[in-house]
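Below is one structure; the comments refer to it alone.
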Amino acid sequence: VKASKDSGIKVEGVEYDKKTMDVVLTQLTSHSWKVSVNLKSGIDHGFLKDTIFIKNTSKSLQKLPVLVRANVKGNFVFSPPYLEFGAVENQQLSIRSVQIKELGKYQITGTRTELNVNGYKVGPSNDYLKVDPSGETGKISFALTNKDGKSGSVHGKVFFETNDPLQKEFAVDFYAFFR
């Protein structure tokens, strides 16, 4: 983190989720600081979205947000880390897939979905999103349908339930736009 030399802005500390990560702030020069982030062991597996706030003396932005994104791997590794279906018209179908690699003796035992349109839960979500694990080994297909001609921003999660005692489930986020 750098402030212009003549701004007089000083970094005073950091705020962050202490259950998820350790953050160390080190002053390098009179106007620059290094922020080191270490994720803690035992945090939930999957795509981590968090924010560190750099507290400072700026009059306009006293808590500078720094986004933290990571794909925390467990015994199940999936790619891509989230699905983007794009714009889906009325009655249109959009198909995407995730490759899942099982690292060890554990298996996926079930799935469930959640779907929100414009921030409101839509249900039953499996009317809009079909999950098909019947394809090639390790490949799960998803078919999203705008069956009711809804419009707006779509966000949801597919939860994979497992028999792994440390990773009982993991989630794949998905995004789309109904129009």
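The values are calculated or read from the model by the stated rules, or taken from the named source; none is laboratory data. All values derive from a computational prediction rather than experimental measurement. Note that we place each Cβ from the backbone using ideal geometry, even for glycine, and neighbour counts take in every protein chain shown. Accessible surface is based on the protein model in full, side chains and every heavy atom, while ligands, DNA and RNA are left aside. Shrake-Rupley method; radii C 1.70, N 1.55, O 1.52, S 1.80 Å.
Computed quantities for the displayed model
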quantity: Residues located in the range 34-64, provided they are under 30 Å from V158 (Cβ atoms) and loosely packed, with under 11 Cβ neighbours inside 10 Å; calculated: N38, S41, G42
quantity: Positions within the range 65-76 being open to solvent by 60 Å² or more (accessible area, probe 1.4 Å) and either at pLDDT 95 or above or more than 23 Å from I100 (Cβ to Cβ) (or both), in sequence order; calculated: P65, L67
quantity: Qualifying residue in the range 142-154 (condition: within 20 Å of the chain's Cα centre (by Cα), open to solvent by less than 70 Å² (accessible area, probe 1.4 Å) and of a type in the set (F, W, Y)); calculated: yes
quantity: Close pairs from the range 2-23: first closer than 29 Å to N71 by Cα and hydroxyl-bearing (S, T, Y), partner open to solvent by less than 30 Å² (accessible area, probe 1.4 Å) and not in a strand (DSSP E or B), Cβ under 7 Å, at least 6 apart; calculated: T20/I43
quantity: Residue within the range 121-138 that is of a type in the set (F, W, Y), closer than 26 Å to T20 by Cα and surrounded by 13 or more Cβ atoms within 10 Å (Cβ to Cβ) present; calculated: no
quantity: Any hit, the range 21-35, residues being assigned to a loop (DSSP other than H, G, I, E, B) and of a type in the set (D, E); calculated: no
quantity: Criterion (closer than 18 Å to D44 by Cα and either under 22 Å from the mean Cα position of the chain (by Cα) or open to solvent by less than 50 Å² (accessible area, probe 1.4 Å) (or both)) met by exactly one of V158, V117; calculated: V158
quantity: Elements of type strands (runs of 3 or more DSSP E) in the range 76-179, at least 1 residues being of a type in the set (V, I, T) and touching a residue at least 40 places away in the same chain (Cβ under 8 Å); calculated: 82-88, 93-102, 108-117, 139-145, 152-162, 169-178
